[in-house]
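A.B. asks: Got a structure for you, questions after.
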Amino acid sequence: MTEEIFDVVDDADRVIRQAPRSVVHAQNLLHRAVSIFVLKPDGRLLLQLRSDSKDQYPGCYTSSASGHVDSGEDYGTAAARELGEELSLNLPIEYLAKFPAGPETAFEFSALYQLVTDVEPVLDPDEIAGAEFLPLDQIGSMIEESPEKFTPPFRVMFDWFRKNRPTT
């Protein structure tokens, strides 16, 4: 399997070159990622537990689905691809916000999307150790008690989401 190639971007999210995943992560180069919050109509959020084999934040809780934007790909295409790969969901998603790249977002410009559905996801066992739909307040309490158990980008996006969640 060949190594993924990412677009390296400047501080305005403009592509400046391409580099392999390992180089981008080792050198903390700015790059692009997506996260999708999958919610039940009652507002519970699917919280993912990352596989222990992940190269960043193994065994941590994170967004329902997330991943990098491949070189030449746009945010929306990447979000739909990750949702299908990780959760076998191929449904329309709603763009919510984009977060700046920095240490708190793992040096990723991160676009956040949401999907509200009753369709049950099918987890990719290579990517996901487990997942559960939980109330937002419960997730907030879990973060307060043990922030280190959550990926930094998720903490940033979850905080924003609780304050700015669109009503559906």
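A.B. asks: Can you give me the Cα centroid spacing of segment 111-147 and segment 46-77 in angstrom?
C.D. replies: What the calculation gives is 12 Å, centre to centre.
A.B. asks: Quick one: if you stick a label point 7 Å off each Cα along the C-beta vector at D159 and E120, how many nm between them?
C.D. replies: Once both label points are built, they end up 3.6 nm from each other.
A.B. asks: Another one. As an exercise, use a Förster radius of 22 Å and the Cβ-Cβ distance of Y95 and D52 to find the FRET efficiency, rounded to the nearest 0.05.
C.D. replies: Working: r = 31 Å, r/R0 = 1.41.
With R0 = 22 Å, the Cβ-Cβ based efficiency is 0.10.
A.B. asks: Next up: Enumerate the aspartates and glutamates that K54 could reach by cross-link, defined here as Cα to Cα under 12 Å, with residues fewer than 8 away along the same chain left out.
C.D. replies: D126, E127
A.B. asks: Full-extension gain between I5 and E73, please, as 0.36 nm times their residue separation minus the C-alpha to C-alpha distance. It would help to have the intermediate numbers written out before the result.
C.D. replies: On the way: separation 68, 0.36 × 68 = 24.48 nm, distance 1.09 nm.
Length difference between fully extended and current span is 23.4 nm.
A.B. asks: Place a +1 charge on the Cβ of each Lys and Arg in the chain and a -1 charge on the Cβ of each Asp and Glu, then give the dipole magnitude about the Cα centre in debye, rounded to the nearest 20. Numbers along the way, then the final one.
C.D. replies: Working: 15 positive and 29 negative charges, 84 e Å.
Dipole magnitude for the chain comes out near 400 debye.
Every number here is computed from the coordinates shown, using simple stated rules; none is lab data. Remember, it's a predicted structure, so these values are computed and weren't measured experimentally. Methodologically, a virtual Cβ is constructed for each residue, glycine included, from the backbone with ideal geometry; neighbour enumeration extends over all protein chains shown.
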